[in-house]
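Below is one structure; the comments refer to it alone.
The values are calculated or read from the model by the stated rules, or taken from the named source; none is laboratory data. These numbers come from a predicted model, not from an experiment. Neighbour counts run over all protein chains shown; Cβ positions are idealised from the backbone, glycine included. Keep in mind that these areas ignore ligands, DNA and RNA; they rest on the heavy atoms of the full protein, side chains included. Shrake-Rupley method; radii C 1.70, N 1.55, O 1.52, S 1.80 Å.
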Amino acid sequence: MSALDWAVLTGALTFIIGYGAWRTRRAGSSLDGYLLGGRQTRWWGVGLSIIATQASAITFLSTPGQAYADGMRFIQFYFGLPIAMVLISIVAVPIYQRLQVFTAYEYLQSRFDKRTRTLAAGLFLLQRGLSNGLSLYAPALVLSAILGWNTTVTVCLLGAVIIGYTVSGGTRAVTVTQQGQVAVIFCGMVVAGYLLVHYLPREVGFSDAMHVAGRMGKLNLVDFHFDWENRYNFWTGMTGGLFLALSYFGTDQSQVQRYLSGQSVTQSRLGLLMNGLVKVPMQFGILLVGVLLFVFYLFQPAPLTFNRPMYERVMRSDMAPQARQLEQQYTLIQDAQREAATALVATHQQGNTPGQAAANLRLQTTQAAAAGIRASWKGLVQQVAPAADSKDTDYVFISFVLRYLPRGLVGLLVAVVLSAAMSSAASGLNSLGSTTVIDLYRPFTRRLHCPDAHLVAVSRWSTVGWGVLGVGFALFAAQMENLIQAVNILGSLFYGTILGIFAVAFFQKRVHGRAVFWAAVVTQLATLLAFWLTDIAYLWYNILGCFAVMLLAEGAQRLANRREIRLQQPASL
Amino acid sequence: MTNFFNSMPATPEINKPPMLPSWRAWYGLVLAALAAEIALFVWLSRYFVT
């Protein structure tokens with residue numbers, strides 16, 4: 001990076017941290033002010049905060065890489081989200097706002113009992129505490145790629161900065177900061193997309209690029225074919241994706257806290273609906289950047305791997321001669337690939353159908369050959385570093401940014417990634433601190449009267465604790481297959497059960513605490529067992545877990561009712 | 001089972017959303033946008049493959 005990039009990056013980060021600290025000054029020691037920003041947020045603030053919380057650095061780094069390798073089919077994962085926004089607006093928002101709760105789990109005590117509330121809060125803390133660690137790892141990935149820093153040192157350093165920023169700032173500071181960050185993220189996406197098209201050869205326009213991507217199977221946006229083991233198709237999106245979104249936005253405190261800070265039911269609802277309108281087009285845009293990257297690298301030389309640190313590690317090992325041989329073969333294949341792609345565009349522009357088919361076949365053949373060489377490279381990586389992740393999709397976008405974007409813009413885009421990471425990690429830590437103090441500390445403390453200042457202090461210290469745990473977990477994240485999938489898999493293992501508890505609370509009025517508690521415990525254990533023993537796509541766990549809790553709770557309640565009736569009969573006789 | 005629409009507290013502030021005549025109109029807008037997006041994606045998948 002140039003001096004200008006460093007200046008832009010440092011300036012942006014200093015502004016973000018300084019801004020957070022400045023907002024903290026106003027948070028004061030009131031629990032309502034610190035945890036919910038005094039419930040003063042307008043609908044657009046709620047909506048932008050919801051978008052920023054979900055769209056972390058992982059979204060910006062991993063998603064284009066996923067589209068580059070796998071096409072746009074990941075978009076189907078978000079099809080259930082707008083429906084979830086509508087359902088949550090109708091069912092959950094009025095209840096949470098009417099009860100004036102600090103966390104979603106507080107509602108469960110008034111509906112069931114303290115035990116069920118603690119179970120749901122505990123499951124949330126477990127999965128959010130771990131997935132927040134993954135959110136910390138993503139920006140560390142960027143810095144280690146840019147600076148060549150040790151990942152462990154980078155994770156610890158970045159974690160310390162984020163913890164400091166989150167602890168000093170309350171929900172209001174987090175929310176206000178996120179508004180600017182979303183604007184910068186949208187600008188960054190547009191700039192990256194524009195430059196990708198601009199950097200294509202002069203004879204290749206946007207429409208040509210889309211045709212090439214379509215021919216190579218990258219525009220696989222909608223797949224109506226049903227398959228239990230296929231993670232992303234229309235049906236998994238509309239069912240598993242819907243239930244994951246219902247769980248995430250309806251019961252995950254990191255999101256619930258965003259709309260609990262709304263001024264009223266109207267403001268909270270409009271914020272959620274804004275997310276329902278924006279999310280699918282936004283993800284489409286990010287995935288499109290990945291597809292354009294794929295087309296870009298058909299015409300420009302792509303490295304054998306985008307993971308530069310791993311490349312250098314292999315080249316320093318005994319495997320270097322084999323690696324160099326693979327690299328030479330890959331260069332030759334790329335030349336053939338470029339010729340085939342150019343011929344495909346030319347024949348498409350001429351309307352030469354037989355020529356298109358021939359060029360298409362040549363391009364697919366070279367793609368298959370390139371995939372074979374990359375597979376051999378992954379084999380070398382496995383031999384050099386058996387525990388390391390041989391996939392490089394998370395590095396694709398940032399490699400393009402660093403190599404091709406003009407000075408100044410590189411620093412800005414890196415700052416965008418880091419500020420997005422900070423905003424989502426801040427929301428996560430903020431919700432972990434809130435849930436710890438509201439659902440675990442306050443109900444069990446022996447102190448008769450807890451002043452707000454004391455609870456805010458407990459919240460701050462628990463945030464520090466969760467931050468340190470997240471940093472520890474982030475150190476293991478390098479071995480995950482794909483960051484965003486890892487986060488979603490982790491969420492899906494717990495979300496089904498949590499959503500089931502809330503679904504029983506909202507819709508099965510005759511079911512009591514004891515029945516739902518044991519139904520949730522059994523379901524959670526069964527989910528973990530099924531994940532370990534079967535190949536069911538992870539999105540299905542959301543829907544299966546939810547229905548399992550509902551059915552088991554209903555069955556357990558009916559059994560309990562029958563037993564109660566039987567016990568009462570002799571007495572009445 | 002609770003009816004979704006009956007579960008909404010009937011306060012004037014909730015029944016009159018800004019910009020559109022009712023909450024049902026807002027929900028319809030979000031769902032119609034989703035349907036339009038899926039239709040566009042199906043078209044894009046087919047148009048650029050041939």
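Odds and ends about this structure:
- Filtering segment A:533-555 to residues that are hydrophobic (A, V, I, L, M, F, W, C) and open to solvent by 20 Å² or more (accessible area, probe 1.4 Å) leaves A:LEU533, A:ILE536, A:ILE543, A:LEU544, A:PHE547, A:ALA548, A:MET550, A:LEU551, A:LEU552.
- Residue within segment A:413-434 that is in the same structural domain as A:MET189 (by TED's automatic domain parsing) and open to solvent by 30 Å² or more (accessible area, probe 1.4 Å) present: no
- Applying the set (1) open to solvent by less than 80 Å² (accessible area, probe 1.4 Å); (2) under 13 Å from A:LEU499 (Cβ atoms) to A:ALA530 leaves exactly one unmet item: (2).
- Listing of helices (runs of 4 or more DSSP H) fully contained in segment A:145-234 that carry 3 or more residues being open to solvent by 60 Å² or more (accessible area, probe 1.4 Å) and away from chain B (no Cβ under 14 Å): A:151-168, A:171-198
- Answer from A:LEU134, A:LEU126, A:LEU81 - the residue that is open to solvent by 10 Å² or more (accessible area, probe 1.4 Å) and either in a helix (DSSP H, G or I) or within 30 Å of A:ASN307 (Cα to Cα) (or both): A:LEU126
- Evaluated against (1) more than 7 Å from chain A (Cβ to nearest Cβ); (2) over 30 Å from A:HIS211 (Cβ atoms); (3) at pLDDT 95 or above, B:ARG24 falls short on exactly one condition, (3).
- Some residue of segment A:90-113 being in a helix (DSSP H, G or I), more than 10 Å from every other protein chain (Cβ to nearest Cβ), open to solvent by 20 Å² or more (accessible area, probe 1.4 Å) and small (Gly, Ala, Ser): yes
- Sub-8 Å Cβ pairs linking a first residue in segment A:293-315 that is touching a residue at least 24 places away in the same chain (Cβ under 8 Å) to a second residue that is of a type in the set (Val, Ile, Thr) and not in a helix (DSSP H, G or I), at least 6 apart or interchain, are A:VAL295/A:VAL204; A:PHE299/A:VAL204, ordered by first then second residue.
- Against the criterion of being within 13 Å of another protein chain (Cβ to nearest Cβ) and more than 17 Å from the chain's Cα centre (by Cα), A:SER261 does not qualify.
- Some residue of segment A:215-230 being among the charged types (D, E, K, R) and either in contact with a Phe, Trp or Tyr (Cβ under 7 Å, 6 or more places away or on another chain) or under 30 Å from A:TYR34 (Cα atoms) (or both): yes
- Restricting segment A:268-297 to residues that are under 17 Å from the mean Cα position of the chain (by Cα) and within 9 Å of chain B (Cβ to nearest Cβ), the residue that is surrounded by the most Cβ atoms within 10 Å (Cβ to Cβ): A:GLY276
- Number of residues in segment A:41-70 that are facing chain B (nearest Cβ under 10 Å) and in a loop (DSSP other than H, G, I, E, B): the value is 0.
- Test: residue in segment A:450-464 that is in a helix (DSSP H, G or I), open to solvent by less than 30 Å² (accessible area, probe 1.4 Å), in contact with a Phe, Trp or Tyr (Cβ under 8 Å, 6 or more places away or on another chain) and under 20 Å from A:TYR297 (Cβ atoms): no
- Being on the phi < 0 side of the Ramachandran plot, at pLDDT below 85 and part of a loop (DSSP other than H, G, I, E, B) is a condition met by no residue of segment A:6-16.
- Being within 21 Å of A:HIS211 (Cα to Cα), touching an Asp or Glu at 6+ places or on another chain (Cβ under 8 Å) and surrounded by 13 or more Cβ atoms within 10 Å (Cβ to Cβ) is true of A:GLN349.
- Residue selected from segment A:465-512 under the condition more than 30 Å from A:ALA556 (Cβ to Cβ) and among the aromatic types (Phe, Trp, Tyr), by the criterion modelled with the highest pLDDT: A:TRP466
- The listed residues are A:LEU31, A:LEU36, and the only one of them that is over 25 Å from the mean Cα position of the chain (by Cα) and open to solvent by less than 10 Å² (accessible area, probe 1.4 Å) turns out to be A:LEU31.
- Residue check for A:ALA340: closer than 17 Å to A:ALA213 by Cβ and out of contact with any Phe, Trp or Tyr (no Cβ under 9 Å at 6 or more places or on another chain): yes
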